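What follows is a short report on a single structure.
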Amino acid sequence: MDNLYDIFKSEHTNCNDKESGSNHNIAKPNIFQCGNAQVLYEELLDALKANEEFEKSLCYKRKFSECISDNIKRVACFEKDDPIFYNMFVTLEEMFTGCCKIAKIRRNVIDFAGCKQRTKDKSLKIIIKSGTPPGTQFRFVNLGDVHYNRVPADIVFTLKEKPHDRFTLVNNDLHYVASIDLKTAVTGGNIAIKSIDGENLHIKLTNVIEPKSVMVIPNQGMTRCDEKKRGDLVVRFNVIFPSTVNPTNRRIISEALDDDNE
């Protein structure tokens, strides 16, 4: 590099001598024309240094790409932890209208800066559409605990229905038990049932209701996922008999039944 500087300096000196000794217009190379050898030397030195840094950066990039490629190949060979299952309980009303649930989990992760494990809390949003049936699973990939040389497990939430005080879900139908007294079962009457959507259904009984008889009310059950049609409301009657009957009422009932049989 010093020799290169001497060459620049020598050419620069010759250039100045020729300019002072002759007034003839002599073509001179642009790189040396009226220039400063020290400046040219420093610019060339900077250029060489920049080229060296560029070569180093390319080398680092190649090494980084190779490292990432090797890690991907190693991860592809890692075993995945078994899924972790949780139950997500919702009411029949929430399944009917649809809802959003937030599940909070705590997992172990690796702090690569400190090369140690630490716990981390995470909130997961679960969107339950109207009519989503029980048993539906919501999977969150690779959100289990993080371990060295292993792929984290999936977190799986399974939709479960909470016990209801009035209805039992069977497929998309709602089953309801209506308790009526003997008088209503024999002579008829009206009963009211609060449906799953909050409305009151008024049912008129005109026929004799036998114990455990069934009445089906169409389109009053659960909504069906991605369908406009609803299931049915299945009403099972439980006839409550009196525990005692006084002699007078017994005679009246007996005579009434005798008249019906004639």
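The values are calculated or read from the model by the stated rules, or taken from the named source; none is laboratory data. Just so you know, these numbers come straight off a predicted model, no measurement behind them. Note that each Cβ is placed from the backbone with ideal geometry, even for glycine, and that neighbours are counted across all protein chains shown. Remember, those area values only see protein heavy atoms, side chains included, never the ligands or the DNA or RNA. Shrake-Rupley method; radii C 1.70, N 1.55, O 1.52, S 1.80 Å.
Run down K212, K229 and say which single residue is on the phi > 0 side of the Ramachandran plot, open to solvent by 80 Å² or more (accessible area, probe 1.4 Å) and without any contact (Cβ under 8 Å) to a residue 40 or more places away in the chain. Reasoning before the result, please.
On the way: K229 fails: on the phi > 0 side of the Ramachandran plot.
When all the criteria are applied, what remains is K212.
Please verify whether K129 is open to solvent by less than 90 Å² (accessible area, probe 1.4 Å) and among the basic types (K, R), treating the condition exactly as stated. Criteria not met by K129.
The number of residues in segment 177-193 being within 51 Å of the chain's Cα centre (by Cα) and without any contact (Cβ under 8 Å) to a residue 12 or more places away in the chain comes to 1. Number of residues in segment 156-179 that are under 27 Å from I253 (Cβ atoms) and buried (at least 16 other Cβ atoms within 10 Å of the Cβ) equals 1.
This table checks each residue for (1) among the small types (G, A, S); (2) out of contact with any Phe, Trp or Tyr (no Cβ under 9 Å at 6 or more places or on another chain); (3) more than 23 Å from E94 (Cα to Cα).
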residue: R166; (1), (2), (3): no, no, no
residue: S179; (1), (2), (3): yes, no, yes
residue: T206; (1), (2), (3): no, yes, yes
residue: V216; (1), (2), (3): no, yes, yes
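Could you give me the residue pairs with C-beta distances under 7 Å whose first residue belongs to segment 83-103 and is under 27 Å from R150 (Cα atoms), whose second residue is open to solvent by 20 Å² or more (accessible area, probe 1.4 Å) and among the acidic types (D, E) wherever it lies, and which are 6+ apart or on separate chains? The qualifying pairs do not exist here. Scanning segment 165-219 for residues that are part of a strand (DSSP E or B), within 24 Å of T132 (Cα to Cα) and in contact with a helix residue (DSSP H, G or I) (Cβ under 8 Å, 6 or more places away or on another chain) gives F167, L169, L174. Screening segment 97-119 for residues that are open to solvent by 90 Å² or more (accessible area, probe 1.4 Å) and at pLDDT 90 or above and picking the one that is farthest from the chain's Cα centre (by Cα) gives T97. Scanning segment 82-96 for residues that are more than 19 Å from the chain's Cα centre (by Cα) and over 18 Å from G135 (Cβ atoms) gives a single hit, E93.
Would you mind stating whether T158 is under 20 Å from E94 (Cα atoms), among the β-branched types (V, I, T) and assigned to a strand (DSSP E or B)? So T158 fits the description; yes. Taken together, I203, I217, I196, I253 contain a single residue that is in contact (Cβ under 8 Å) with a residue 60 or more places away in the chain, of a type in the set (A, V, I, L, M) and out of contact with any Gly (no Cβ under 6 Å at 6 or more places or on another chain), which is I196.
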